[in-house]
Structure formats: C-alpha cells, structure tokens
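Notes for the one structure printed next.
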Amino acid sequence: MNPGPTEPRLYLADIRHVRSGGSRYRLRHRTYLWLVDLDLLPRLPRPLRPLARFDTRDHFGGGAPSIRAGLDAFLAARGAGLPSGSRVLMLAHARVLGHVFNPLTVYWCHGPDGSLRHVVAEVHNTYGERHCYLLPPETARGGRGDLDVAPVPKEFYVSPFLGVEGAYRMQLPEPGEHLALSVRLAGGTDGARLTATVRGERRPAGARGLLRAALRRPWSTAAVSVGIRFHGVRLWLRGLPVRPRPRHVPQEGLQ
C-alpha cells in the first residue's frame, strides 16, 4: 500500500459522539483537520501562519526537536522504531491563533517500501494529559462494522463521566478523498457505551483553501475546547456522576 501524496490536505469534518447504555446523549461538532507529512510540514505565507502552526509542544512529550522525533521516541520505547526512509502522515488540528486542542491525533507510519507498519492514536484530555496507543496496520482497514477489529484496552482517563475501564474498537483508515474514522468504547462498569465518528471531505490546503475553512469555522480549535466543556456541564446538570480521575503517569517515551 502506497501512502498518499506529500502535499498537505484539509478536511472539512463532521464529528459526532453518541453515548448509550444508561444515560443517552448525542453531540455534533463541525471543524476542519489537516493531513500532513511529518517530514514536510506546510510552510504558509507569513500573514497566514497564525491560522495554522504545528508545534512540537502539542504532541507526545512536547520536548522533542520535532513532532517526528517525538513519535520516533515513542515507537523506539516499544521496540517498534521505523527504519530510515520511512514516512509518517498525521491527521490533527493545527494551532490557530495560539490555541490548539486535539482530542485525537492519528499517525499512519509507512515503511520505506510504502507499506503501513503502525497506526498511532494520540489522545489528549482537558487536564493537559496525553496517552498514545500503538495499533496494528489492521486498524486502518475500512469496513462497515468493527467486529473484526481487535479490542484495545482503555488505559487513559478522558471524560470525567467515564472511568478507565472497557476497551476500544478503532477503525482508522487513512484518508483519501473522504475521511471516515470511528472509535467505539464498551465494557465500562456502569454499562455506558460511546461511539465517536469523524467524517469529512477533502478540500484544497493552499492559502485560499485555508482562508475559506477558517472563515467557515472561525477559531476552530477554541470552538472544540469550548464545546467539550459546554457538553460536560450539560451532562453534569443531568445528574451524571463524575468518575474520580486517577493519577496520571506519563508513558515511557512521552516524558
């Protein structure tokens, strides 16, 4: 399988979360995401740089020389380092007007021959903590169902209304003209189930495309942060109990 072209892409995205089992709740958010080559990050005209920056501090341990170096340190700590000539594509929000929040960043790691070696899902919570899941290439296989996707034990506190129990089933196919990701969580002690989907359409990522996306979704990253807190307050007002947050221990390779 050959990875896609090296030029950056923009995806106008529709994000939906459905909580079921016990208290049922739905939310929807529209935004835009970047797909970029970690070795060829976009260089925008100076006036547009406040609308899209990719900072090392926003991923992995935050202190590596580059995002790619942070990923390499994470993989090396798990004996899954990539050989020379490998290529990595990242799907994420860029920093907009000094702010970014990425609930989920996905990395597709290709070997020198173009074959997919690993998928990495980097999860952030609103407490400033991060956790990464190293996933097999099968995670990128598309499909209508998730029964053939191996479960991944949940290891990280994300929502204050969900404990660190259960398992994810993730389908994270590499985007082409369309973006279609899904993450399903089940097996919590309270019976809650969560399904998150990201659907999107590719758009040009040049200066005109970025301006058009930014005008349609002004300060998109701040809107993500505000939206998460808004829905959290609504769930709390409904009487949903808050689950205690355990002490977070950074993963090896993310310190």
### Summary
When restricted to Pro65, Pro83, Pro47, the only residue free of Cβ contacts under 8 Å to residues at least 60 places away in the same chain and not in a loop (DSSP other than H, G, I, E, B) is Pro47
### Summary
The correct count of residues that are in contact with a strand residue (DSSP E or B) (Cβ under 8 Å, 6 or more places away or on another chain), surrounded by fewer than 20 Cβ atoms within 10 Å (Cβ to Cβ) and among the aliphatic types (A, V, I, L, M) in region 163-179 is 1
### Message
Given the criterion at pLDDT 90 or above, over 30 Å from Val96 (Cβ atoms) and of a type in the set (Ser, Thr, Tyr), identify the matching residue among Ser182, Ser115.
### Response
Ser115
### Task
Return the residue satisfying two criteria in turn: it lies in region 2-51 and is among the small types (Gly, Ala, Ser) and under 19 Å from the mean Cα position of the chain (by Cα), and of such residues it is nearest to Gly85 (Cα to Cα).
Gly4
### Query
Just checking, which of Thr105, Thr139 is at pLDDT 95 or above, among the hydroxyl-bearing types (Ser, Thr, Tyr) and over 18 Å from Pro246 (Cβ atoms)?
Thr105
### Message
Condition first: surrounded by 15 or more Cβ atoms within 10 Å (Cβ to Cβ) and either of a type in the set (D, E, K, R) or assigned to a helix (DSSP H, G or I) (or both). Now tell me which residues in region 192-206 satisfy that.
### Response
Arg193, Arg199, Arg202, Arg203
#### Entry: Where Gly209 falls short, out of the listed (1) crowded, with 18+ Cβ neighbours inside 10 Å; (2) of a type outside the set (Lys, Arg); (3) in contact with a Leu (Cβ under 9 Å, 6 or more places away or on another chain); (4) not in a loop (DSSP other than H, G, I, E, B)
(1)
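Given the structure, is Arg49 out of contact with any helix residue (DSSP H, G or I) (no Cβ under 8 Å at 6 or more places or on another chain), exposed (fewer than 15 other Cβ atoms within 10 Å of the Cβ) and not aromatic (Phe, Trp, Tyr)?
yes
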### Query
Does Ser225 qualify as being modelled with pLDDT of 90 or more, in contact with a His (Cβ under 9 Å, 6 or more places away or on another chain), buried (at least 16 other Cβ atoms within 10 Å of the Cβ) and polar (S, T, N, Q)?
no
### Residues that are buried (at least 20 other Cβ atoms within 10 Å of the Cβ) and part of a loop (DSSP other than H, G, I, E, B), drawn from region 10-41
Leu38
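The values are calculated or read from the model by the stated rules, or taken from the named source; none is laboratory data. These numbers come from a predicted model, not from an experiment. In this analysis, Cβ positions are derived from the backbone assuming ideal geometry, glycine residues included, and neighbour counts consider all displayed protein chains.
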